[in-house]
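Enquirer: Got a structure for you, questions after.
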Amino acid sequence: MEIIKTLGEFIIDQQTEYPDASGELTSLFSSIRLAAKILHREINKAGLADIMGSAGEDNVQGEQQQKLDVYANERFKNALAQRGVVCGIASEEEEEFVTFEETKNLDGKYVVLIDPLDGSSNIDVNVSVGTIFSIYRRVSPLGSHVTEEDFLQPGHKQIAAGYVIYGSSTMLVYSTGNGVNGFTYDPTIGVFCLSHPNLKIPADGNIYSVNEGNYIHFPDGVKKYIKYCQEEDTTTNRPYTSRYIGSLVSDFHRNLIKGGIYLYPTSSRYPNGKLRLLYECNPMAYLIEQAGGTAVATTGQRILDIEPTTLHQRCPLFVGSPNMVGKLEEFITEFG
Ligand code: P6P
């Protein structure tokens, strides 16, 4: 008989390992789980409901908001505000951080940074999308007003991070600092089941993920690495395979399981890189390090060590199998 361990059971088992765990993080995760289930439902009928297409407004990035972006942001915001353990959030869809003071969450111990629906431009073409979240303990005193400093913490201070991928199946993958575990949603019984325990990324891989349409604008070291990936050398399993979905969560998840490297370098359009440090790069960097991988913004610049200055700041991201990221760093060191 197959043993099914649900996300809820897993979290409780993890909590019993920490006697001082107060259950607040458990409560926080249950709100993320709830919002993920609701989003699973809406995304899987998006083609049918009238919530397809853009909402017409632009978000802080100047990107046209898909209606599901707006919906996802509201769902996660409401779910996170309900439990009293989160005092505020910062979201890709919100210009400023949002406090939950009106729901008496002043004593909430945590702040959450979130990209509620990353890759949402893929929804209209039925390509998988994701939610990315990052959790910190607040630095301001309990009971006081939330401050921007609560959100501008370096990634190594995260206490948990994860993503939900709404793909051929819906999965929740997260870490609280003791490895990475993946849970697949079974909509017939409405639970996330442990399907990928203790995920580890292969030290090497043969998949590279980058938008090569920007190639001419990449730094020379990145260009040289891409050519390295394309060279014929059977001793190092090259040429590698190019796989780019255009949805960070999807590209990251595939590379986590199969091995590989995802690159979003600087370019003329994005001189600081496109991805946002606080709610895209930091959570993915936390996860990949927990899975034995590496995440850098450039040679020797660990993503998790970057001191944030603004909520929506961008940074380059090179993340994946440690040997592949290391090889890229060699090219950046030599060629810039
Ligand atoms: P480009 C989606 O907009 C996103 O933030 C990531 O999910 C994805 O990896 C990247 O941008 C795609 O960007 O410039 O290649 O379309």
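The values are calculated or read from the model by the stated rules, or taken from the named source; none is laboratory data. These numbers come from a predicted model, not from an experiment. Cβ sites come from the backbone with ideal geometry, for glycine too, and all protein chains shown count toward neighbours. Each accessible area value is taken on the protein alone, full model and side chains, heavy atoms only, with ligands, DNA and RNA left out. Shrake-Rupley method; radii C 1.70, N 1.55, O 1.52, S 1.80 Å.
Enquirer: Check residue 306: other-chain or 5+ apart residues with amide H under 5 Å from its amide H, H built from backbone geometry?
Expert: Close amide H contacts, sequence-distant or interchain: 155.
Enquirer: Quick one: if the Förster radius is 51 Å, what FRET efficiency do residue 142 and residue 335 give, using the C-beta to C-beta distance and rounding to 0.05?
Expert: Efficiency, rounded to the nearest 0.05: 0.55.
Enquirer: Could you give the accessible area per residue of segment 207-335, probe 1.4 Å, as a whole number in Å²?
Expert: Normalised by residue count, the accessible surface of segment 207-335 is 39 Å².
Enquirer: Per q in 0.08, 0.14 Å⁻¹, report the Debye log10 I(q)/I(0) for segment 7-196, using one uniform scatterer on each alpha carbon and no solvent.
Expert: -0.25, -0.79
Enquirer: Rounded to the nearest 20 Debye, what is the dipole magnitude of the chain about its Cα centre when Lys and Arg each give +1 and Asp and Glu each give -1 at the C-beta?
Expert: Value, rounded to 20: 600 debye.
Enquirer: Shifting gears a bit: Just to be sure I understand: of the beta bridges DSSP finds with both ends in the chain, what percent are antiparallel, rounded to 5?
Expert: 85
Enquirer: Which whole-number percent gives the relative contact order of segment 7-196, counting Cα pairs below 8 Å spaced six or more residues apart?
Expert: Dividing the mean separation by the residue count of segment 7-196 yields 15 percent.
Enquirer: Hydropathy at least 0.0 by Kyte-Doolittle, axial extent at least 24 angstrom from the Cα trace: which helices of the chain, defined as entire DSSP H runs, fit?
Expert: Membrane-span-like by this rule: 24-43.
Enquirer: Follow-up question, since we're still on this one. Relative contact order, percent, of the chain when contacts are C-alpha pairs under 8 Å separated by at least 6 residues?
Expert: 15
Enquirer: Moving on. Between residue 302 and residue 215, what is the spin-label point distance in nm, taking each point 7 Å from the Cα along the Cα→C-beta axis?
Expert: The answer from the label model is 3.4 nm.
Enquirer: Given the C-alpha centroids of segment 149-206 and segment 234-257, what is the distance between them in whole angstrom?
Expert: Using only Cα atoms to place each centre, the spacing works out to 18 Å.
Enquirer: May I ask you to compute the full-extension gain from residue 169 to residue 96, defined as 0.36 nm times their residue separation minus their alpha-carbon distance, rounded to one decimal in nm?
Expert: Full extension of this stretch gives 23.0 nm more.
Enquirer: Given a 1.4 Å probe and every protein chain left where it sits, what share in percent of the accessible area of the chain is carbon and sulfur?
Expert: Heavy-atom surface of the chain belonging to carbon and sulfur, 1.4 Å probe: 49 percent.
Enquirer: Taking the mean number of other Cβ atoms within 10 Å as a proxy for protection, how do you rank 26-33, 227-234, 302-309 from highest to lowest?
Expert: Ranking the peptides 26-33, 227-234, 302-309 by packing returns 26-33, 302-309, 227-234.
Enquirer: Solvent-accessible area per residue for segment 7-196 at a 1.4 Å probe radius, Å²?
Expert: Here the residues of segment 7-196 average 41 Å² of exposed surface.
Enquirer: Multiplying the sequence separation of residue 178 and residue 269 by 0.36 nm and subtracting their Cα-Cα distance, what value in nm do you get?
Expert: 29.0 nm
Enquirer: Between residue 121 and residue 78, what's the calculated FRET efficiency when r is the beta-carbon distance and R0 is 25 Å? Round to 0.05.
Expert: Once rounded, the FRET efficiency stands at 0.55.
Enquirer: Give me the Debye-computed log₁₀ of I(q)/I(0) at q = 0.10, 0.11 Å⁻¹ for the chain, equal point scatterers on Cα only, no solvent, two decimals.
Expert: So the normalised log intensities work out to -0.57, -0.69.
Enquirer: Under the Kirkwood approximation applied to all pairs of distinct alpha-carbon atoms, what is the hydrodynamic radius of segment 239-287 in Å?
Expert: In segment 239-287 this quantity evaluates to 11.9 Å.
Enquirer: Give, to the nearest whole percent, the P(r) tail of segment 207-335 beyond 23 angstrom, counting all Cα pairs.
Expert: Result for the distance tail: 24 percent.
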